[in-house]
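Okay, so here's the structure we're looking at.
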Amino acid sequence: MRSLDASFEGIPLELEDLREAMEYLAERDLVELIQKANWTDPGYREIHTAQRLSLTRLGLDCAESGMTVSEFLYPRPTSTGDTYNTTVQAGAQGTQIGRQNTMNNTWGLEPNALLQFAKDVLTKIPELGLDETAEAELGEEATALRDEASAQQPNPTALRRAYDAVMGTLGRAPESMASQWLHEAGTAAINSTLGG
(Lines give C-alpha, C1' and ligand atoms only; values in the text may rest on other atoms or scores of the structure.)
Protein backbone atom coordinates (compact mmCIF):
# COMPACT_ATOMS: atom_id res chain seq x y z
CA MET A 1 0.00 0.00 0.00
CA ARG A 2 1.32 3.46 -0.88
CA SER A 3 1.43 6.40 1.47
CA LEU A 4 -0.69 9.36 0.41
CA ASP A 5 1.71 11.96 1.80
CA ALA A 6 5.22 10.56 1.37
CA SER A 7 7.08 10.47 -1.93
CA PHE A 8 10.59 10.44 -3.29
CA GLU A 9 11.26 12.38 -6.49
CA GLY A 10 7.52 12.46 -7.14
CA ILE A 11 6.99 8.72 -6.70
CA PRO A 12 4.74 7.74 -3.75
CA LEU A 13 6.54 5.54 -1.24
CA GLU A 14 5.29 2.21 0.02
CA LEU A 15 4.48 2.18 3.73
CA GLU A 16 7.02 -0.61 4.21
CA ASP A 17 9.72 1.61 2.67
CA LEU A 18 8.87 4.35 5.14
CA ARG A 19 8.97 1.95 8.07
CA GLU A 20 12.38 0.59 7.03
CA ALA A 21 13.75 4.12 6.53
CA MET A 22 12.58 5.18 9.97
CA GLU A 23 14.11 2.07 11.55
CA TYR A 24 17.38 2.81 9.76
CA LEU A 25 17.43 6.38 11.08
CA ALA A 26 16.44 5.32 14.60
CA GLU A 27 19.14 2.62 14.75
CA ARG A 28 21.73 5.28 13.94
CA ASP A 29 20.38 7.71 16.56
CA LEU A 30 19.27 10.28 14.00
CA VAL A 31 15.62 10.14 15.12
CA GLU A 32 13.81 8.99 18.26
CA LEU A 33 10.31 7.65 18.79
CA ILE A 34 8.03 10.15 20.56
CA GLN A 35 4.74 8.26 20.56
CA LYS A 36 2.83 5.54 18.79
CA ALA A 37 -0.63 6.16 17.40
CA ASN A 38 -3.19 4.09 15.51
CA TRP A 39 -4.71 5.53 12.35
CA THR A 40 -6.85 4.47 9.43
CA ASP A 41 -5.70 5.14 5.91
CA PRO A 42 -8.65 6.85 4.17
CA GLY A 43 -10.24 4.64 1.54
CA TYR A 44 -8.54 1.45 2.75
CA ARG A 45 -10.23 1.00 6.14
CA GLU A 46 -7.11 -0.56 7.58
CA ILE A 47 -5.77 0.37 10.98
CA HIS A 48 -2.05 1.05 11.06
CA THR A 49 0.32 1.89 13.87
CA ALA A 50 2.02 5.18 13.22
CA GLN A 51 5.05 6.49 15.03
CA ARG A 52 5.72 10.11 15.73
CA LEU A 53 9.41 10.78 15.40
CA SER A 54 11.67 13.61 16.41
CA LEU A 55 15.17 14.46 15.19
CA THR A 56 17.94 13.90 17.72
CA ARG A 57 20.87 16.30 18.07
CA LEU A 58 22.81 14.07 15.67
CA GLY A 59 19.84 14.09 13.29
CA LEU A 60 19.78 17.90 13.37
CA ASP A 61 23.50 17.99 12.64
CA CYS A 62 22.90 15.65 9.69
CA ALA A 63 20.01 17.77 8.38
CA GLU A 64 22.03 20.97 8.70
CA SER A 65 25.18 19.51 7.14
CA GLY A 66 23.83 19.62 3.59
CA MET A 67 25.02 16.03 3.10
CA THR A 68 23.00 12.92 2.44
CA VAL A 69 22.48 10.62 5.41
CA SER A 70 24.97 8.18 3.92
CA GLU A 71 27.63 10.88 3.43
CA PHE A 72 27.04 12.15 6.97
CA LEU A 73 27.29 8.72 8.58
CA TYR A 74 30.17 7.43 6.44
CA PRO A 75 32.30 10.40 5.37
CA ARG A 76 34.99 9.79 2.81
CA PRO A 77 38.53 10.65 3.83
CA THR A 78 39.58 14.06 2.65
CA SER A 79 42.20 14.16 -0.03
CA THR A 80 44.98 16.70 -0.14
CA GLY A 81 45.18 16.37 -3.92
CA ASP A 82 46.33 13.88 -6.48
CA THR A 83 48.58 11.07 -5.28
CA TYR A 84 51.05 9.41 -7.58
CA ASN A 85 52.97 6.34 -6.45
CA THR A 86 55.93 5.66 -8.69
CA THR A 87 59.09 3.64 -8.76
CA VAL A 88 61.78 5.11 -10.98
CA GLN A 89 64.66 2.78 -11.78
CA ALA A 90 68.16 3.96 -12.59
CA GLY A 91 68.53 4.99 -16.20
CA ALA A 92 65.07 6.49 -16.63
CA GLN A 93 65.42 9.84 -18.32
CA GLY A 94 62.88 12.55 -19.04
CA THR A 95 60.30 11.14 -16.66
CA GLN A 96 57.24 13.37 -16.21
CA ILE A 97 54.55 12.64 -13.68
CA GLY A 98 51.15 14.26 -13.50
CA ARG A 99 47.54 13.98 -14.55
CA GLN A 100 48.21 15.12 -18.12
CA ASN A 101 51.24 12.86 -18.67
CA THR A 102 51.52 9.21 -19.56
CA MET A 103 54.37 7.34 -17.98
CA ASN A 104 55.83 4.51 -20.01
CA ASN A 105 58.04 1.97 -18.31
CA THR A 106 60.71 1.12 -20.86
CA TRP A 107 63.02 -0.61 -18.42
CA GLY A 108 60.65 -3.36 -17.18
CA LEU A 109 60.33 -4.81 -13.72
CA GLU A 110 63.26 -6.12 -11.74
CA PRO A 111 61.58 -9.00 -9.86
CA ASN A 112 64.82 -10.63 -8.65
CA ALA A 113 64.12 -9.72 -5.02
CA LEU A 114 60.64 -11.32 -5.15
CA LEU A 115 62.08 -14.36 -6.92
CA GLN A 116 64.65 -14.79 -4.14
CA PHE A 117 61.95 -14.24 -1.49
CA ALA A 118 59.78 -16.98 -3.04
CA LYS A 119 62.76 -19.38 -3.05
CA ASP A 120 63.51 -18.53 0.60
CA VAL A 121 59.89 -19.22 1.59
CA LEU A 122 59.93 -22.59 -0.18
CA THR A 123 63.18 -23.50 1.61
CA LYS A 124 61.99 -22.44 5.08
CA ILE A 125 58.44 -23.87 5.05
CA PRO A 126 59.41 -26.81 7.32
CA GLU A 127 60.81 -24.39 9.95
CA LEU A 128 57.60 -22.34 10.24
CA GLY A 129 55.52 -24.71 12.36
CA LEU A 130 52.42 -24.56 10.14
CA ASP A 131 49.88 -27.36 10.00
CA GLU A 132 49.91 -29.58 6.91
CA THR A 133 47.13 -27.69 5.14
CA ALA A 134 48.77 -24.30 5.65
CA GLU A 135 52.16 -25.73 4.60
CA ALA A 136 50.68 -27.02 1.35
CA GLU A 137 48.90 -23.71 0.76
CA LEU A 138 52.07 -21.70 1.39
CA GLY A 139 54.02 -24.03 -0.92
CA GLU A 140 51.53 -23.47 -3.75
CA GLU A 141 51.49 -19.70 -3.21
CA ALA A 142 55.28 -19.40 -3.04
CA THR A 143 55.57 -21.51 -6.20
CA ALA A 144 53.09 -19.22 -7.98
CA LEU A 145 55.12 -16.19 -6.86
CA ARG A 146 58.36 -17.82 -8.01
CA ASP A 147 56.85 -18.68 -11.39
CA GLU A 148 55.47 -15.16 -11.94
CA ALA A 149 58.71 -13.51 -10.81
CA SER A 150 60.74 -15.69 -13.18
CA ALA A 151 58.47 -15.04 -16.18
CA GLN A 152 60.01 -13.27 -19.16
CA GLN A 153 57.66 -10.28 -18.64
CA PRO A 154 56.24 -10.44 -15.10
CA ASN A 155 52.83 -8.85 -14.62
CA PRO A 156 52.92 -6.35 -11.71
CA THR A 157 49.31 -7.14 -10.72
CA ALA A 158 49.94 -10.88 -10.71
CA LEU A 159 53.15 -10.36 -8.73
CA ARG A 160 51.30 -8.29 -6.13
CA ARG A 161 48.50 -10.87 -5.81
CA ALA A 162 50.96 -13.74 -5.46
CA TYR A 163 53.00 -11.81 -2.91
CA ASP A 164 49.88 -10.88 -0.89
CA ALA A 165 48.78 -14.54 -0.85
CA VAL A 166 52.20 -15.66 0.43
CA MET A 167 52.27 -12.97 3.11
CA GLY A 168 48.70 -13.78 4.18
CA THR A 169 49.52 -17.44 4.80
CA LEU A 170 52.90 -16.55 6.28
CA GLY A 171 51.06 -14.34 8.77
CA ARG A 172 49.35 -17.45 10.17
CA ALA A 173 52.68 -19.03 11.12
CA PRO A 174 53.61 -19.06 14.82
CA GLU A 175 56.06 -16.34 15.82
CA SER A 176 59.59 -17.55 15.18
CA MET A 177 62.92 -16.28 13.89
CA ALA A 178 62.20 -17.86 10.51
CA SER A 179 58.74 -16.28 10.14
CA GLN A 180 60.01 -12.88 11.29
CA TRP A 181 62.95 -13.04 8.90
CA LEU A 182 60.70 -14.05 5.99
CA HIS A 183 58.22 -11.28 6.78
CA GLU A 184 61.01 -8.68 6.74
CA ALA A 185 62.53 -10.17 3.58
CA GLY A 186 59.12 -10.11 1.86
CA THR A 187 58.52 -6.48 2.78
CA ALA A 188 61.95 -5.49 1.46
CA ALA A 189 61.40 -7.51 -1.74
CA ILE A 190 58.02 -5.95 -2.58
CA ASN A 191 59.36 -2.46 -1.84
CA SER A 192 62.34 -2.91 -4.15
CA THR A 193 60.23 -4.45 -6.92
CA LEU A 194 56.96 -2.54 -6.87
CA GLY A 195 57.65 0.31 -4.49
CA GLY A 196 55.61 -1.08 -1.60
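The values are calculated or read from the model by the stated rules, or taken from the named source; none is laboratory data. Bear in mind the structure is a predicted one, so any value in this text is a computation, not a measurement. Heavy atoms of the whole protein, side chains included, go into the accessibility calculation; ligands, DNA and RNA do not. Shrake-Rupley method; radii C 1.70, N 1.55, O 1.52, S 1.80 Å.
Key figures for this structure:
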| item | result |
| --- | --- |
| Residue-level accessible surface for residue 67, protein heavy atoms, 1.4 Å, Å² | 90 Å² |
| Mean separation of Cα contacts under 8 Å, 6 or more apart, over the residue count of segment 108-196: relative contact order % | 42 percent |
